[in-house]
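Report on one structure; see the data block that follows.
Bear in mind these aren't lab numbers, they're just calculated from the coordinates by the rules spelled out. All values reported here derive from a predicted model rather than from experimental measurement. Cβ sites come from the backbone with ideal geometry, for glycine too, and all protein chains shown count toward neighbours.
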Amino acid sequence: MRHKFSIALLLASLAVAGLASAQGRKMTELLAPRDPGPNEAVRVKVVTGPLPFGARLVVKTEQGDVIGSIMTYGVPGPNDTRSETFPVQSRNVVNKRLRLQVLVEAPGAMTRSATPDEIRGLDVMIVPRTP
C-alpha cells in the first residue's frame, strides 16, 4: 500500500511541475506585413544575443511544433549574436498574427522562456514560394 501511495505522490508532483513549467513559458505574438497568399511562404528571422554556455534557443509554433533552433558553441561573449531564418507553415499566420514560443534549453537547467537579452530580434517575412 505504501508503494502505491509513493507512486501516486510522485506522479502528482510531476504533473504539478509540468504544469508550472508550461505556465512559465510565454507566447510571443508577431505581426506579419499581411496574410500570405497562395504562392507565398512565411519565414521568421531570429537574432539572438548571448546565450548560456551550451544552450540551445528553440522556436516553436503555438501548437508546439519546432520550427528551428540555434545552438551556441564556446564561451559566450557579451556581444555575441547569431541570426537564423526558419520556414513557418502559412497556416500558422492568422489575421496577420504569428504566435511563437521562444525557449532556452541549457544543460542542467529547466527549459524556460528566452529573456529579452537573449532575443535581439524576431521578424516575420512573406516571400515568394520556391518550387
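Between Lys96 and Ser69, what is the label-to-label distance in nm when each label sits 7 Å out along the Cα-to-Cβ direction?
3.4
Relative to the compact-globule scaling 2.2 N^0.38 Å, provide the ratio for the alpha-carbon radius of gyration of the range 31-131.
Details: Rg = 14.4 Å, N = 101, 2.2 N^0.38 = 12.7 Å.
The range 31-131 yields a ratio of 1.13.
Check which residues have an amide H placed less than 5 Å from Asp35's amide H, if you skip close sequence neighbours.
Lys96
Stretch Ala106-Arg34 to full length: gain in nm at 0.36 nm per residue minus the Cα-Cα span?
22.4 nm
Quick one: 3J(HN,Hα) in Hz for the range 117-127, Karplus 6.51/-1.76/1.60 with θ = phi - 60°, rounded, Gly and Pro as x.
Computed from phi, the couplings for the range 117-127 are 5, 7, 10, 8, x, 9, 10, 9, 10, 9, 10 Hz.
Within the range 40-63, what residues put their amide N at less than 19 Å from the label point 7 Å along the Cα-to-Cβ vector of Asp80?
Zone members listed by number: 46-59.
Along Cα→Cβ, 7 Å out, is where each label goes; now give me the distance between the ones at Met125 and Arg43 in nm to one decimal.
With each label point 7 Å from Cα toward Cβ, the separation is 0.3 nm.
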